[in-house]
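The structure appears right after this line, and notes come after that.
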Amino acid sequence: MIDHAHDLGAVRGATERLLDAVGKLDNASVAGASRLPGWSRGHVLAHLSRNADALGNVLRGLPMYASSETRDADIADGAPRPAHEQLTDLRESADGFLAVAAEPADWSRTVTLRNGVTDSAARVPFRRLIEVEIHHVDLGIGYELEDLPAEFVSREIAFLTDRFSGNQDVPATALTDQEGRTWSTGGGPPSALVTVQGPAAELMGWLCGRRDGSALTVAGGPLPALPPL
């Protein structure tokens, strides 16, 4: 059962960690390269701010973004701003999302995200949590996958393995972390099962494209190539 209230609490905590970290950056640091190819830290921060607005739109029943072009332009336009403007926007947009989420609503309703993707409204807070936590790591300012809360890592692995489940381009794959927890994904034949083992942070990093999988132990075939998220 998805607990949107619990996830909103996690969003608040993750946002405070992010705001505290960003508050220590100067203009040169914000303009520096992030870990995402072609994006400065300013791009990441602008994206996070506009994502908060966008997910607020989703909860209101509005289109997530006016268009893909508008989304991209807003990120590009917001990227060069100085550190204090980035921080203010990040805080205000995050507060705006939480304010919308605090309004009385039917959390069992279906909402529409980007590209026609639909989901339960109750999962929107977790989707925001993913954005905040993963992109905090993407900033490359000392917050690593290993620093993420264990509950979040486990749930994100489950979220991503479910996303690739049934995909015929991904071989049947069984994942096991160092605590013995297991997940399965892919859509290839079970007879060609690939097993992947390693620390939960490394498994999640591989699934979300933040690690190359070299720290994982693979058997039954090569490490599967995963579609872009």
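Please enumerate the residues belonging to the stretch 206-229 that are within 21 Å of the chain's Cα centre (by Cα) and on the phi > 0 side of the Ramachandran plot.
Listed by number, the residues that qualify are G209, G213.
Looking at the stretch 188-205, is at least one residue surrounded by fewer than 16 Cβ atoms within 10 Å (Cβ to Cβ) and under 16 Å from the mean Cα position of the chain (by Cα)?
no
Looking at the stretch 70-87, which of the residues that are open to solvent by less than 80 Å² (accessible area, probe 1.4 Å) and either of a type in the set (G, A, S) or outside any helix (DSSP H, G or I) (or both) is nearest to D20 (Cα to Cα)?
A83
From the list R41, R12, which residue is closer than 21 Å to G209 by Cβ and under 18 Å from the mean Cα position of the chain (by Cα)?
Just one listed residue meets the conditions, R41.
Go through L129, L90, L98, L160 for me and flag whichever is outside any loop (DSSP other than H, G, I, E, B), in contact with a Cys (Cβ under 7 Å, 6 or more places away or on another chain) and surrounded by 16 or more Cβ atoms within 10 Å (Cβ to Cβ). Before the answer, list the steps.
Numbers: L129 fails: in contact with a Cys (Cβ under 7 Å, 6 or more places away or on another chain); L90 fails: in contact with a Cys (Cβ under 7 Å, 6 or more places away or on another chain); L98 fails: in contact with a Cys (Cβ under 7 Å, 6 or more places away or on another chain).
The unique qualifying residue is L160.
Can you tell which of G166, G180, G116 is on the phi > 0 side of the Ramachandran plot and in contact with a Gly (Cβ under 6 Å, 6 or more places away or on another chain)?
G166
Go through (1) farther than 23 Å from P37 by Cβ; (2) open to solvent by 40 Å² or more (accessible area, probe 1.4 Å); (3) in a loop (DSSP other than H, G, I, E, B) one by one and return the number of the condition S214 breaks.
Of the numbered conditions (1) farther than 23 Å from P37 by Cβ; (2) open to solvent by 40 Å² or more (accessible area, probe 1.4 Å); (3) in a loop (DSSP other than H, G, I, E, B), the odd one out for S214 is (1).
Determine, yes or no, whether T118 is over 20 Å from G142 (Cβ atoms), of a type outside the set (D, E), modelled with pLDDT of 95 or more and over 21 Å from the mean Cα position of the chain (by Cα).
So T118 fails the test.
Mind listing just one residue for me: the one in the stretch 1-51 that is open to solvent by 30 Å² or more (accessible area, probe 1.4 Å) and touching a strand residue (DSSP E or B) at 6+ places or on another chain (Cβ under 7 Å) and, of those, modelled with the lowest pLDDT?
Only one residue tops the list, namely I2.
Since G142 meets every condition but one in (1) closer than 30 Å to S29 by Cβ; (2) surrounded by 16 or more Cβ atoms within 10 Å (Cβ to Cβ); (3) touching a residue at least 60 places away in the same chain (Cβ under 8 Å), which condition does it not meet?
Of (1) closer than 30 Å to S29 by Cβ; (2) surrounded by 16 or more Cβ atoms within 10 Å (Cβ to Cβ); (3) touching a residue at least 60 places away in the same chain (Cβ under 8 Å), only one is false for G142: (2).
The values are calculated or read from the model by the stated rules, or taken from the named source; none is laboratory data. Because the structure is predicted, anything quoted here is derived from the model rather than measured. Positions of Cβ are generated from backbone atoms using ideal geometry, with glycine treated the same way; all protein chains shown enter the neighbour counts. Accessible surface is based on the protein model in full, side chains and every heavy atom, while ligands, DNA and RNA are left aside. Shrake-Rupley method; radii C 1.70, N 1.55, O 1.52, S 1.80 Å.
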